[in-house]
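Participant: First, the structure itself, so that you have it in front of you.
The values are calculated or read from the model by the stated rules, or taken from the named source; none is laboratory data. Source: prediction; values computed, not measured. Using ideal geometry, Cβ is built from the backbone for each residue, glycine included, and neighbour counts are taken over all protein chains shown. Only protein heavy atoms, including side chains, enter the accessible area calculation; ligands, DNA and RNA are left aside. Shrake-Rupley method; radii C 1.70, N 1.55, O 1.52, S 1.80 Å.
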Amino acid sequence: MSEIEIGRNKRGRRGYSLDDVAVVPSRRTRDPEDVSTAWQVDAYHFDIPIFAAPMDSLMSPETAIALGRHGGLGVLDLEGVWTRYEDPEPQLARITDASEADVVDVLRDVYSAPIQPELITARIRQLREAGVTAAASLSPQRTQEFWKTVVDAGVDLFFIRGTTVSAEHVSGNREPLNLKRFIYELDVPVIVGGCATYTAALHLMRTGAAGVLVGFGGGASYTTRETLGISVPLATSIADVAAARRDYMDESGGRYVHVIADGGLGRSGDLVKAIACGADGLMVGAALARATDAPGRGYHWGSEAHHPTLPRGHRVEVGAVAPLEQILFGPGISADGTTNLIGALRHAMATTGYTELKEFQRVEVVSTF
């Protein structure tokens with residue numbers, strides 16, 4: 001990719017967000033009923049490529065179970081209210097009822113309660129007993145403290161998710177998590193991220209991860225660009241990480257690492273374009289937080305919003321649009337891409353002549369920038 005001049009002393013690559021690209025129709029079309037949205041991670045099969053982001057505003061054990069029964073994957077935040085409180089409903093009400101002036105203080109107070117290992121065990125077992133794939137997430141900072149509890153509870157897929165996760169973290173005051181050694185010694189598939197570049201993704205793939213998360217997560221509720229000056233042009237990042245996936249397959253003799261777009265996927269068109277750019281799966285936040293049965297009651301927030309010293313997110317009102325099933329499978333209630341996400345994906349694939357997600361990654365895209 002050619003560089004552009006930022007100024008006389010700085011040059012940079014031009015990056016493209018999902019808003020800057022569009023999918024091109026092809027000469028052949030298909031019937032949407034012939035389209036398959038199924039895919040598989042390790043031994044786990046999913047009917048739809050939707051992972052729910054580990055955020056308290058959209059994922060409770062009950063909504064994770066519901067999404068699992070609809071063919072997707074709900075990822076539970078093991079640092080959220082469900083592992084800090086036996087009954088988190090009063091705390092969720094405090095967050096959703098708080099005024100804009102008070103919400104940061106309320107969030108910090110709610111999340112200052114300690115994480116209880118016995119609740120980690122109870123929540124994961126609740127998912128397993130419901131017969132769905134049990135997936136849960138910890139930040140890199142908490143992984144060393146709680147990973148054994150998570151694995152002993154029977155987690156199926158383990159996510160290590162942060163704003164930026166690297167395979168080589170250097171610290172002068174504490175022993176960092178050695179991802180390669182940790183993943184090698186673990187008995188469950190690990191999906192790790194976020195990352196945004198070819199090189200960072202390639203290093204994460206070499207740790208043995210089953211998948212990598214592309215992006216910083218929480219597009220609608222995060223303010224990382226405003227607070228840290230860091231942002232991800234997601235279309236470019238997905239394409240770069242997909243290239244790392246291809247090169248790592250050659251390097252490793254055929255090992256395939258899944259690329260999962262994470263954050264900024266608020267509407268059905270975003271899901272379509274993320275897969276077109278090379279994503280295998282989609283970690284969705286705000287789009288599912290709009291469900292009337294989501295814990296956030298029409299509000300959405302992530303873990304960065306309650307950081308004790310440098311909040312990099314906020315509570316946003318996304319509205320309660322429709323039940324989870326209708327958001328996923330329709331019927332759509334408006335033309336704004338907030339309902340019937342899977343129906344829209346099927347129609348986009350059919351319109352461009354593809355019947356499998358992996359094939360759809362080859363679709364032509366153009367820049368609208």
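Participant: Only residues that are over 26 Å from THR351 (Cβ atoms), modelled with pLDDT of 95 or more and either of a type in the set (D, E, K, R) or assigned to a loop (DSSP other than H, G, I, E, B) (or both): list them for region 273-292, please. Reasoning before the result, please.
Facilitator: Pass one, region 273-292, residues over 26 Å from THR351 (Cβ atoms): 285, 289, 291-292.
Those still in the list that are modelled with pLDDT of 95 or more too: 289, 291-292.
THR292 - this is the single residue of region 273-292 that is over 26 Å from THR351 (Cβ atoms), modelled with pLDDT of 95 or more and either of a type in the set (D, E, K, R) or assigned to a loop (DSSP other than H, G, I, E, B) (or both).
Participant: Could you list all residues from region 246-267 that are assigned to a loop (DSSP other than H, G, I, E, B), open to solvent by less than 60 Å² (accessible area, probe 1.4 Å) and either touching a residue at least 40 places away in the same chain (Cβ under 8 Å) or among the hydrophobic types (A, V, I, L, M, F, W, C) (or both)? Full working, then the answer.
Facilitator: Looking only at region 246-267, we keep the residues that are assigned to a loop (DSSP other than H, G, I, E, B), and these are 253-257, 263-267.
So of that shortlist, the ones also open to solvent by less than 60 Å² (accessible area, probe 1.4 Å) come out as 254, 257, 263-266.
Hits for region 246-267 are VAL257, GLY263, GLY264, LEU265, GLY266.
Participant: Still on this structure, please answer the following. What do you reckon, is GLU86 part of a helix (DSSP H, G or I), open to solvent by 10 Å² or more (accessible area, probe 1.4 Å) and over 22 Å from GLY263 (Cβ atoms)?
Facilitator: On the way: part of a helix (DSSP H, G or I): no; open to solvent by 10 Å² or more (accessible area, probe 1.4 Å): yes; over 22 Å from GLY263 (Cβ atoms): yes.
Judged against the criteria, GLU86 is not a match.
Participant: Quick one: THR37 ticks every box in (1) open to solvent by less than 10 Å² (accessible area, probe 1.4 Å); (2) under 17 Å from the mean Cα position of the chain (by Cα) except a single one, so which number is it?
Facilitator: Here THR37 clears every test but (2).
Participant: Now for a separate question. Hey, does region 6-13 have a residue that's open to solvent by 50 Å² or more (accessible area, probe 1.4 Å), polar (S, T, N, Q), in a loop (DSSP other than H, G, I, E, B) and out of contact with any His (no Cβ under 9 Å at 6 or more places or on another chain)?
Facilitator: Within region 6-13, the subset open to solvent by 50 Å² or more (accessible area, probe 1.4 Å) is 6, 8-11, 13.
This time we only want the ones that are polar (S, T, N, Q), so: 9.
In the following step, the residues that additionally are in a loop (DSSP other than H, G, I, E, B) were identified as 9.
From the residues that got through so far, the ones that are out of contact with any His (no Cβ under 9 Å at 6 or more places or on another chain) too are 9.
Checked against the condition, which is being open to solvent by 50 Å² or more (accessible area, probe 1.4 Å), polar (S, T, N, Q), in a loop (DSSP other than H, G, I, E, B) and out of contact with any His (no Cβ under 9 Å at 6 or more places or on another chain), region 6-13 yields at least one hit.
Participant: Take the residues of region 63-77 that are within 11 Å of ASP293 (Cβ to Cβ) and open to solvent by 10 Å² or more (accessible area, probe 1.4 Å): which is farthest from the chain's Cα centre (by Cα)?
Facilitator: ALA66
Participant: Kindly indicate whether LEU138 is closer than 21 Å to ILE260 by Cβ and at pLDDT below 90.
Facilitator: Numbers: closer than 21 Å to ILE260 by Cβ: yes; at pLDDT below 90: no.
Judged against the criteria, LEU138 is not a match.
Participant: I need every pair where a residue in region 51-77 that is on the phi > 0 side of the Ramachandran plot has its Cβ under 9 Å from the Cβ of a residue that is open to solvent by less than 10 Å² (accessible area, probe 1.4 Å), sequence separation at least 6 or different chains.
Facilitator: So the pair list comes out as GLY71/THR37; GLY71/PHE46; GLY71/ILE48; GLY71/ILE50; GLY71/LEU328; GLY71/ILE342.
Participant: Related question: Return a yes/no flag: does region 289-303 have any residue that is β-branched (Val, Ile, Thr) and open to solvent by less than 10 Å² (accessible area, probe 1.4 Å).
Facilitator: Let us first name the residues in region 289-303 that are β-branched (Val, Ile, Thr), namely 292.
Narrowing further to those that are open to solvent by less than 10 Å² (accessible area, probe 1.4 Å): none.
No: region 289-303 contains no residue that is β-branched (Val, Ile, Thr) and open to solvent by less than 10 Å² (accessible area, probe 1.4 Å).
Participant: Next up: Being touching a helix residue (DSSP H, G or I) at 6+ places or on another chain (Cβ under 6 Å) and open to solvent by less than 10 Å² (accessible area, probe 1.4 Å): is that true of ALA322 here? Give the steps one after another, and end with the answer.
Facilitator: On the way: touching a helix residue (DSSP H, G or I) at 6+ places or on another chain (Cβ under 6 Å): no; open to solvent by less than 10 Å² (accessible area, probe 1.4 Å): yes.
Here the answer is no, as ALA322 does not meet what is asked.
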